[in-house]
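Chemist: Below is one structure. I have some questions about it.
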Amino acid sequence: MRVLILLAALLCGVPSFAFATTRCDVTVPTETVALGEVRLAYQSVGRDRDPALLLVMGLGGQLIHWPDEVVRRLCQSGFRVIRFDNRDVGLSAWVGAAPSVNLSYEVVRYRLGLPVAAPYGLRDMAGDALHLLDALGIREAHVLGASMGGMIAQHLADMVPERVLSLTLVMTSSGAQGLPAPSPALLELLARREAPSREVAIAQQADLLGALGSPEVADDRDQLLEQAARAYDRSFDPEGVQRQMLAILAEPSRVDLLNRLRVPTLVVHGTADPLLPVMHGVHVAAHIKGSELRLIPGLAHRFQEAFKEPLLAAVLPHLLAHRAEGHVAQL
C-alpha cells in the first residue's frame, strides 16, 4: 500500500508527506547577515523557489516565539517561511556599540505628552526587514506581523508596496490616540525588565506570559516557565527591549499611513486581547481600504496552543488566495 501511495504521489505531482516534512524542517540552522548598523539572525524554512512569507515578531519577541507547528504548516502550504530576530533581541546584534537610553525619563515625557527620544524608530526596523529580503535575493514577499511586528509590517508595506504581495496584521494597532489602553497591572508587568538572577527573570517572564493569555485557557505554570527559560537561555537583553519600547512610544499615529495602503490586507484580532483590546484591530481594518477583518473569540495577546488552529484558519485562506495571484521573484 505504501508503494502505491508513493507511486500515486509521483504520478500526480503531489509531494509525499515525508518530502514535505523534510522540506519544512523547522530545525534548520539560524544564520546571520550584516545589514549596516545591525546584524540580523534569521531562519529560512522551505524551498527558495516558493513564495516568501516574512514573519515579523513583536516587542521583545525572538524568532523562536513563532510556534514551530505554525511555521511548519505555513511552509507545507507552499511558502518559504522566513522568521528573524528584530534588532535588539535574540541573536541579532549591533555591529558597533549599542545606543544608551533612559527609559524612565522618556516614559515620563511620554505621559506628559512631550516628544520621546528613541535611538531608532519602527520605520528603521522595517528597513531592517527590507534589507534582509534584499540580502536573501527576494524581490516580493508576503508579510505577516504580530503586535509590534504588525506595526513594523505597516511601515514596510508603505515603504515598498510593490514588493509586498499580501499583508497580514495580527493583534496590532494603528497607534491612534483614544484607543483603549491596557490595564495598569499589565503595564507594570511589561515594565519589569530588571532581574537579579536567571530564576527571577524567568519567573517574571512567565508571569507576563500568563497575563497576556486568554482567560478562557488555563495555562500550565511549568510550561510557561519552560518557555521563558528557553527564551532567556537563547538571549536576555532587557536594555534592548527598552530601546524597542521607546521606538513604539516615539511613534505617532499611523492612521494617515494606513489610509494610503493599497496592499491586500487581512487584520486578525482577538476579542480577549488585554494589551491591545479588540478595538485596536477594528480601527486598523477600518483605515485600510479593502482590508478584511477576522475576529477570533477568546484570543488574547499570545500564540496559545488552543488558538493555533483558529489562527491558521483565519490566515491561510488569505495567504493562499494571494499566493495564487503572485509569483516568485528573485533579485
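Chemist: Considering every residue within the stretch 148-171, establish whether at least one is assigned to a loop (DSSP other than H, G, I, E, B) and within 17 Å of the chain's Cα centre (by Cα).
Modeler: Taking every residue of the stretch 148-171 in turn, at least one turns out to be assigned to a loop (DSSP other than H, G, I, E, B) and within 17 Å of the chain's Cα centre (by Cα).
Chemist: Got at least one residue in the stretch 26-36 being surrounded by fewer than 18 Cβ atoms within 10 Å (Cβ to Cβ) and part of a helix (DSSP H, G or I)?
Modeler: The answer is no; no qualifying residue exists.
Residues are listed down the side, and each one gets a yes or a no for (1) crowded, with 20+ Cβ neighbours inside 10 Å; (2) of a type in the set (Val, Ile, Thr); (3) closer than 18 Å to VAL38 by Cβ; (4) touching a strand residue (DSSP E or B) at 6+ places or on another chain (Cβ under 9 Å):
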residue: ALA118; (1), (2), (3), (4): yes, no, yes, no
residue: ASP128; (1), (2), (3), (4): yes, no, yes, yes
residue: ASP134; (1), (2), (3), (4): no, no, yes, yes
residue: GLY137; (1), (2), (3), (4): no, no, no, yes
residue: ALA146; (1), (2), (3), (4): yes, no, no, yes
residue: ILE152; (1), (2), (3), (4): yes, yes, yes, yes
residue: LEU165; (1), (2), (3), (4): yes, no, no, yes
residue: MET171; (1), (2), (3), (4): yes, no, no, yes
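Chemist: Exactly one condition in (1) under 15 Å from the mean Cα position of the chain (by Cα); (2) not in a strand (DSSP E or B) is not met by HIS131; state its number.
Modeler: If we test HIS131 against (1) under 15 Å from the mean Cα position of the chain (by Cα); (2) not in a strand (DSSP E or B), just (1) comes out false.
Chemist: Restricting attention to the stretch 88-98, does a residue exist that is within 16 Å of the chain's Cα centre (by Cα) and not in a loop (DSSP other than H, G, I, E, B)?
Modeler: no
Chemist: Can you go through ASP50, ASP88 and tell me which one is open to solvent by less than 20 Å² (accessible area, probe 1.4 Å), over 27 Å from PRO238 (Cβ atoms) and in contact (Cβ under 8 Å) with a residue 40 or more places away in the chain?
Modeler: ASP50
Chemist: Return the only residue of VAL328, VAL284, VAL315 being β-branched (Val, Ile, Thr) and modelled with pLDDT under 95.
Modeler: Step by step, each of VAL328, VAL284, VAL315 is checked, and only VAL328 is β-branched (Val, Ile, Thr) and modelled with pLDDT under 95.
Chemist: If you don't mind, there's one more thing I want to ask. Within the stretch 60-79, is even one residue within 28 Å of PHE307 (Cβ to Cβ), of a type in the set (Lys, Arg) and buried (at least 17 other Cβ atoms within 10 Å of the Cβ)?
Modeler: Yes; the residues of the stretch 60-79 include at least one that is within 28 Å of PHE307 (Cβ to Cβ), of a type in the set (Lys, Arg) and buried (at least 17 other Cβ atoms within 10 Å of the Cβ).
Chemist: Condition (residue is outside any loop (DSSP other than H, G, I, E, B) and in contact with a Ser or Thr (Cβ under 6 Å, 6 or more places away or on another chain)) applied to the stretch 182-193: is it met by at least one residue?
Modeler: Within the stretch 182-193, not a single residue is outside any loop (DSSP other than H, G, I, E, B) and in contact with a Ser or Thr (Cβ under 6 Å, 6 or more places away or on another chain).
Chemist: Checking GLY145 against (1) farther than 21 Å from PRO182 by Cβ; (2) not in a helix (DSSP H, G or I), which single condition isn't satisfied?
Modeler: (1)
Chemist: So, of the residues in the stretch 270-307 that are open to solvent by 20 Å² or more (accessible area, probe 1.4 Å) and acidic (Asp, Glu), which turns out to be farthest from PRO180 (Cα to Cα)?
Modeler: This residue is GLU305.
Chemist: If only one of GLY178, GLY213 is on the phi > 0 side of the Ramachandran plot, assigned to a loop (DSSP other than H, G, I, E, B) and out of contact with any helix residue (DSSP H, G or I) (no Cβ under 7 Å at 6 or more places or on another chain), which one is it?
Modeler: GLY178
Chemist: Another question about this same structure. Within the stretch 218-243, track down each residue that is assigned to a helix (DSSP H, G or I), of a type outside the set (D, E, K, R), farther than 30 Å from ALA118 by Cα and open to solvent by 20 Å² or more (accessible area, probe 1.4 Å).
Modeler: Once the filter is applied, which keeps residues that are assigned to a helix (DSSP H, G or I), of a type outside the set (D, E, K, R), farther than 30 Å from ALA118 by Cα and open to solvent by 20 Å² or more (accessible area, probe 1.4 Å), the stretch 218-243 yields GLN223, LEU225.
The values are calculated or read from the model by the stated rules, or taken from the named source; none is laboratory data. All figures in this text were calculated on a predicted structure; none of them were measured in a lab. So basically every Cβ, Gly included, is an ideal-geometry build from the backbone, and we count neighbours across all protein chains shown. With ligands, DNA and RNA removed, areas are computed over all heavy atoms of the protein, side chains included. Shrake-Rupley method; radii C 1.70, N 1.55, O 1.52, S 1.80 Å.
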